[in-house]
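We did not get these values from a lab; they are worked out from the coordinates using the rules stated. Since the structure is predicted, the reported quantities are computational estimates derived from the model, not experimental observations. Every residue, glycine as well, gets a Cβ built from its backbone with ideal geometry; the counts of neighbours run over all protein chains shown.
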Amino acid sequence: HDATKPWPWDDESFDMVVALDFWEHIYYDDIGFVYDEMFRVCRKWMFFEIAVVNGYERGYILKRGEPVPIELEANAVSGHVTVQPREFWEEFFESKDVFIRRDLEHYFRALVPEEYLRNWKCIIVLEKW
């Protein structure tokens, strides 16, 4: 299903929505709609792993239909169109009707061996109120 179109599920169809390596593939202009649909179909929990910039990189937002700058071609080939620091995503989610559950992120990280999470720099767990 194209996440940027209305989702074919009823409100609160799922106890939990999991999106791994998803948000960085959504154009900035579509993030609000996609989130609203995800929120609508979710009953309680959202679990995200998001590709974010490293401390030494600048983030970027590519616009649909615009040429990809040569220095970003390798990223764009993988479909990464909205790559920002963790703070960008936290600010976006904090503006919504959810709690960011850092305690559950830490708990998850404690349960899963580090070698499996080596590339998971940004895990965000949200709870609907």
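One table, with the values for the structure above:
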item: Index of the failed condition, Glu57 passing every other in (1) surrounded by fewer than 16 Cβ atoms within 10 Å (Cβ to Cβ); (2) of a type in the set (D, E, K, R); (3) within 28 Å of Phe14 (Cβ to Cβ); result: (3)
item: Matching residues, the stretch 60-110, being aliphatic (A, V, I, L, M) and loosely packed, with under 11 Cβ neighbours inside 10 Å; result: Ile70, Ala74, Val77, Ala110
item: Residue list for the stretch 81-100, filter: in contact (Cβ under 8 Å) with a residue 12 or more places away in the chain and either among the charged types (D, E, K, R) or outside any helix (DSSP H, G or I) (or both); result: Val81, Thr82, Val83, Gln84, Pro85, Arg86, Glu90, Lys96, Asp97, Val98, Phe99, Ile100
item: Where a residue in the stretch 101-122 is in contact (Cβ under 8 Å) with a residue 12 or more places away in the chain and its partner, wherever it lies, is assigned to a loop (DSSP other than H, G, I, E, B), with Cβ under 7 Å and at least six apart; result: Lys121/Val52; Cys122/Ile50; Cys122/Val52
item: Residue count, the stretch 111-129 (criterion: among the aliphatic types (A, V, I, L, M), outside any strand (DSSP E or B) and surrounded by 11 or more Cβ atoms within 10 Å (Cβ to Cβ)); result: 2
item: Residue list for the stretch 1-50, filter: of a type in the set (Asp, Glu), part of a loop (DSSP other than H, G, I, E, B) and loosely packed, with under 15 Cβ neighbours inside 10 Å; result: Asp2, Asp10, Asp11, Glu12
item: Options Glu66, Glu114, Glu71; residue that is of a type in the set (Asp, Glu) and closer than 19 Å to Leu20 by Cα; result: Glu114
